Amino acid sequence: MLPANLPDAVRDALLAPLVDHHCHGVRRDEVSRAQFELLITEGAAPAPPGTTHFDTPAGVAIRRWCAPVLDLEPHASPAVYLARRRELGAGEVNRRLLRAAGVVAFLVDTGLEEPDLLTASEMGRHGGAAADEIVRIEQIEQDVAEVAPLAVDYMDSLADELAARAARAVAFKSIIAYRHGLDFDPSRPSRGSVIAAANRRLADPKERLTDPVLLRHLLWAAVDVARDRGLPMQFHTGFGDPDVELHRADPALLTVFIRALQPLNVPVVLLHCYPFQRQAAYLANVYPHVYVDLGLTLTHTAAGGARVLEEMLELVPFHKQMFSSDCYGVAETCHLGALYFRRGLGGVLAGRIDEGEWSVSDAARVAHMIGSGNARRVYRL
Amino acid sequence: MLPANLPDAVRDALLAPLVDHHCHGVRRDEVSRAQFELLITEGAAPAPPGTTHFDTPAGVAIRRWCAPVLDLEPHASPAVYLARRRELGAGEVNRRLLRAAGVVAFLVDTGLEEPDLLTASEMGRHGGAAADEIVRIEQIEQDVAEVAPLAVDYMDSLADELAARAARAVAFKSIIAYRHGLDFDPSRPSRGSVIAAANRRLADPKERLTDPVLLRHLLWAAVDVARDRGLPMQFHTGFGDPDVELHRADPALLTVFIRALQPLNVPVVLLHCYPFQRQAAYLANVYPHVYVDLGLTLTHTAAGGARVLEEMLELVPFHKQMFSSDCYGVAETCHLGALYFRRGLGGVLAGRIDEGEWSVSDAARVAHMIGSGNARRVYRL
Amino acid sequence: MLPANLPDAVRDALLAPLVDHHCHGVRRDEVSRAQFELLITEGAAPAPPGTTHFDTPAGVAIRRWCAPVLDLEPHASPAVYLARRRELGAGEVNRRLLRAAGVVAFLVDTGLEEPDLLTASEMGRHGGAAADEIVRIEQIEQDVAEVAPLAVDYMDSLADELAARAARAVAFKSIIAYRHGLDFDPSRPSRGSVIAAANRRLADPKERLTDPVLLRHLLWAAVDVARDRGLPMQFHTGFGDPDVELHRADPALLTVFIRALQPLNVPVVLLHCYPFQRQAAYLANVYPHVYVDLGLTLTHTAAGGARVLEEMLELVPFHKQMFSSDCYGVAETCHLGALYFRRGLGGVLAGRIDEGEWSVSDAARVAHMIGSGNARRVYRL
């Protein structure tokens, strides 16, 4: 899995258990081929007639790297792979693939609220790891909106619920990139404008929140709690499912908001970032409270991921990058995320050492920092 | 031309004839050195005093790879190269270079209407290939505007002419990236706004169309025809001649428009894309009706093109990418487009196989899909 | 320092003295560890507790490549490195590192006006090189604003001072990317709007200029002088200190302004450009008066810089790229800028030759053009 020419110290550092600082649950039940295909793409539609989502970088990677974990030959066909998956059963598949990822702690975004997904503690149990919760703030808002009778209750309940959930969590997460784009007004909205918007919202609280004033209010309400409790705020940036407009998910759009958070000592964690990994690395380089990862980027770019990782490493301080698999739905995404992180970083480090750029001990130290050390520090694990 | 370490099956797949799904005619007549220099750059001005457009990646590539096709040594000087070109004559040069490209079918954008360019059928004849027509919708609009007496005639004639031309074509193409930018309002304009804009337009119909309402009307009128006839719509995106503002040619700007076309089953083909190939690949990944190519990118980035191709391959489904040379003006651009496609893809596939990521049969299959199979399916050739 | 497989002619061309066409002074005095750490990052804050700015690509590169210039082993620890720095003294350190850069002429942006920085002529003397001045136009405006009694004096004095400073300079430089962003209105502002804005400005002339009308007036006043005197205009683009919003520093945003300057024959030099080097290369490719460099990008991306350089070389004409170190504050930034330029370009050229793409003589010629020839022509040195 790792390059052959890696010194032992670097190899050991890369193979050490990872902290997966951002992931989702995987499904506890069997999935059909149609379901499986939808879970290995960020798209929301079946592949066009005559084609398959297995014909993607991630699809080929599953056949190459997950097949052996299920006792198959590498490059098994999709049909053989899925038959073996059914034969073993979802529980065994999840246990094998999650454990193969070599993760010591999962920090799980629990905001999806789909009952078929493993909970945070189940993720830990199946994966032989500890587990902690990350709270998705847009989900809290949804819960509050559905029960708040009046706008003023909405504001109070939101603050209370954020504080209550923060007490059991290691971070907040925002998906404002999906609900609006990162090109939001970075200032805190006035109380009057929030009350007005909340009144409109409460007329139809089952709708997904897209009002820019309330999204900003939610963000700033979460910042207040995060500051009090020393919690980092994670932000989805870059690519993802088809709800995103990619040019509006460039993390550079957060610059003025990031500056506003600097004196508050609230760490900002930019998730995924692709294809804006260089922009993210720049922000991590010049703002002391900004952190980055690549998340599902490495799973989906698969064999091409080393290049993406290298671009992130062009400018990122080594104490600012973290690992996450961003796994979701099927445990293959966890194994591949961890595998391509180790493989890609191993390739970059082997190159740095071969070219006489880095010492072996520096390379090993950086592998440790990015793989787990930074996350332990940032999330106080 | 191909990497030495390629397995035979992959080599064969790469050397198989290509479908060039987007190109232009090359000149039938002799060109001077000044003309030749302008035809090998996307710029519109001579190189500054004391410099030459041969001192570009494409210029060096012509001396390296086209010189031998004209019986010269690799790296022949520009003067020697152009002298040999004159000696052989335009007809012979075109035949040699177009055939060297190894193309089985040219899909030719006939919207330039320059009489010195080979027609679609001439391109086929010179290149030993079949040929079909792609209709540039902005050219149709120009033809209609110049003869329509009234705004209502303009609308009717436009619809009629689009339908008539579609009957003989395999696709529509839009250059709204040049005329406005891809940041246009994606909604269909109202009939009233179109009538008003058409009245303004008909006062000065010789002008190049830049009115945003009429550009959008044209686009939607073409969508209606494309839906009826099952034709794909090609869009220029990314770099090109100096008319483009590059940041307004990011294909991600098309996201909302792309979503609107999804239920209509009109394939959207993103052409060229550079330097936004990752954005394009993302769109192809999550929307089932989006396709991509790199077109003239590989000709102009030349020896650097493998990296660009690899970035496209980070996220693109293998059934979504196609080959085009986007050749124009001189047949060198056709040969180089095909050569760097094969060379670049060969390099990527060799790497995937060497690293143990892909099987030989998968690599060969992907080379076939991108080289010709996908285009045959999308354009129903 | 250079790849082992480089032909002698290319090696010689790479090792030849460079023209550093954009740099700043380095400090003449001793600096503390805290000061040193701030001078090796574009950030403005200390690294978070428990971390260090040495844990960056540039920090590792200093330990690797500058340590031997100070008689230390490669990979010396930060403490050892800084102790040796103090031992030698600032003068000796500056002389060693500036001379190690192998520069024949420094073109120095003198707009920072910090007395602890070496002047242009001192940079030349310490570095064993010639030195010329680049005038930062925003600094001139500051000087004029602080003494002009009335708006009309402001306009006259600005024009006079620009002309006076131009007489002793080889170029103008603008940092409008920091003061506003490159998304400014490219048209020349009306005299009335300038008078009105100048009246507001003169009420508080100590403030840093951010008024968009006056920034544009300044730019156009500089263009007038540059045209008369044949001076290039340098523009900061891309990453830099935390004042920049990265997405507003994309050089493509200058497109319409660049077109306006084309008939005036004023060369436009796009500095740094990262991560928009492809956009910059495109502009240099299609507009005859546009030039590019990578500046501090190579210092900060360090071991990752070869990839960035290769991306610039995908599309840039070879007569359009120049070298700069963009050094500032500590002489390490000069040595590393030159080193990674030579190392990175050497790697790209070795690759081009090995792949059979370029001839040795072309590679050597391109190295010479980018290293010094283009700058001699553009700045008439």
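When Rg and the Kirkwood Rh are both derived from Cα coordinates, the Rg/Rh ratio for segment B:193-265 amounts to 1.00.
The other copies place their B:Arg376 label points at 5.7, 5.7 nm from this one, listed shortest first, where each point is 7 Å from Cα along Cα→Cβ. Segment C:98-170 and segment A:314-340 have Cα centres separated by 47 Å. Between amide H atoms placed 1.01 Å from N, distances below 5 Å from A:Val290 occur with A:Val268, all of them 5 or more places distant or on a separate chain.
For segment B:31-88, dividing the convex hull volume of the Cα atoms by the residue count gives 77 Å³ per residue.
Report, in whole Å, the centroid distance computed from the Cα atoms of segment B:265-294 and segment A:203-251. Centre-to-centre distance over Cα atoms comes out at 27 Å. Taking the number of Cβ atoms within 10 Å of each Cβ as an exposure proxy, the fewest-first ranking of A:Met312, B:Met123 is A:Met312, B:Met123. In nanometres and ascending order, the distances from the C:Leu150 label point to those of the other copies are 6.2, 6.2 (point 7 Å from Cα along Cα→Cβ). The tail of the calculated P(r) for chain A, taken as Cα-Cα distances beyond 34 Å, holds 27 percent of the pairs.
Extents of the protein assembly as shown, taken as max minus min of Cα coordinates on every principal axis and listed largest first, are 76, 75, 62 Å. Inter-copy label distances for B:Ser187: 2.8, 2.8 nm (label point placed 7 Å from Cα along Cα→Cβ; shortest first). The chymotrypsin sites (Phe, Trp or Tyr not before Pro) found in segment B:147-245 include none that occupy coil by DSSP while having at most 15 further C-beta atoms within 10 Å. Could you sort out which of A:Lys320/C:Lys206; B:Lys173/B:Lys320; A:Lys206/A:Lys320; A:Lys173/B:Lys320; A:Lys173/A:Lys320; A:Lys173/A:Lys206 sit more than 29 Å apart by Cα distance in this structure? Long pairs (Cα-Cα over 29 Å): A:Lys320/C:Lys206; A:Lys206/A:Lys320; A:Lys173/B:Lys320.
When Lys and Arg each count +1 and Asp and Glu each count -1, what net charge do the other residues less than 14 Å away from A:Ala375, Cβ to Cβ, add up to? Charge balance in the 14 Å sphere: 0.
Here each label is just a point 7 Å from Cα along the line to Cβ, and for A:Ile195 and B:Arg229 those points are 6.0 nm apart.
Taking GluC sites (Glu not before Pro) across segment A:73-133, the ones in a DSSP loop with at most 16 further Cβ atoms lying within 10 angstrom of their Cβ are A:Glu113.
FRET efficiency for the C:Val360 to B:Arg86 pair, using the beta carbon distance and R₀ = 45 Å, is estimated at 0.95.
Charge tally for B:Arg28 (other residues, Cβ to Cβ under 11 Å; Lys, Arg +1; Asp, Glu -1): -4. Per DSSP helix of 4 or more residues, -39500 (n - 2.57); summed, then divided by the residues of the protein assembly as shown. What does that give at 222 nm, rounded to the nearest 500? Computed mean residue ellipticity for the protein assembly as shown: -14000 deg cm²/dmol. Beta-bridge orientation, chain B: approximately 5 percent antiparallel, per DSSP, counting only bridges with both partners inside. Summing charges over all other residues whose Cβ lies under 14 Å from the Cβ of B:Arg278, with Lys and Arg as +1 and Asp and Glu as -1, gives -3.
Taken together, the values in this text are just the output of simple stated rules run on the coordinates, not laboratory data. All values reported here derive from a predicted model rather than from experimental measurement. Don't worry about glycine lacking a Cβ; one is built from the backbone with ideal geometry, like all the others, and counts go over all protein chains shown.
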